[in-house]
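Engineer: I'd like to ask some things about the structure below.
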Amino acid sequence: MTHAQRMKMSENHHYALEYAKSGEARKAYDYAVLMHKSIMEAAGNKRLTKLLDQLEDQTHRLGLLTLKSDGRLQAALEEHGQIIDRIQAGDEEGAADAMLQHLKADQNVAMAQVLPIQLPKQNVS
C-alpha cells in the first residue's frame, strides 16, 4: 500500500468519525464506504473489486439497515480503526483477523434486521 493510499484510507475514516460525532450517521456511513473502497483499491485485487462493485447495491442496502441498530455505527467505526491500525503497522494477519471480526459483527446485525427472529448469534471471536 502506498503512502497516498494509506492517507486516503485514514482520511476517509477520520471524516466518518467526525460525522458520527456530530450525529450525521448517513454522511459517516458514506465516508466509511469510501474507506472500504480505498482498502479494496490498495489491495489491487481487480477481480474482487469488480465483484464487490457488482454487489454494491445489495451491500449498500444492508449497510444502511445496520445503521438502525443502536450503537452499531460507532462499533463499526471502532472496528474500522482496528483494521486501519493493523494495516498501518504492516500486520497483514492482524488486519485480516480484524476484518473478519468486523464482517461477522455486521452479518449478525444485518441478519437481525432482515430476519427479526431469535437466531443463535455467531461467535465473533
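Engineer: Check cross-link reach from Lys37 to the aspartates and glutamates: straight Cα distance under 18 Å, and skip same-chain residues fewer than eight apart.
Structural biologist: Glu11, Asp53, Glu56, Asp57, Glu78, Glu79, Asp85, Glu92, Asp106
Engineer: OK, next. Taking 25 Å as R0, compute the FRET efficiency from the Cβ-Cβ separation of Val114 and Arg47 and round it to 0.05.
Structural biologist: Plugging the Cβ-Cβ distance into 1/(1 + (r/R0)^6) gives 0.35.
Engineer: Hey, got the dipole for the chain? About the Cα centre, +1 on K and R Cβ, -1 on D and E Cβ, debye to the nearest 20?
Structural biologist: 300
Engineer: Using a basic spin-label model with each label point 7 Å from the Cα along Cα→Cβ, how many nm lie between Met7 and Gln58?
Structural biologist: 3.7
Engineer: Could you give me the radius of gyration and the Dmax of the chain, taking only the C-alpha atoms into account and expressing both in angstrom?
Structural biologist: So, for the chain, Rg and Dmax equal 14.4, 45 Å respectively.
Engineer: As I understand it, the dipole of the range 3-114 uses +1 on the Cβ of Lys and Arg and -1 on the Cβ of Asp and Glu, about the Cα centre. Which of Leu65, His13, His3 lies farthest toward its positive end?
Structural biologist: Leu65
Engineer: Next question. Go through Lys21/Lys50; Lys46/Lys68; Lys68/Lys104 and tell me which ones have a Cα-Cα distance over 28 Å in this structure.
Structural biologist: With Cα atoms farther than 28 Å apart: Lys21/Lys50; Lys46/Lys68.
Just so you know, all these numbers are worked out from the coordinates, no wet-lab data involved. Bear in mind the structure is a predicted one, so any value in this text is a computation, not a measurement. Cβ coordinates were reconstructed from backbone atoms using ideal geometry, including for glycine residues, and neighbour counts include every protein chain displayed.
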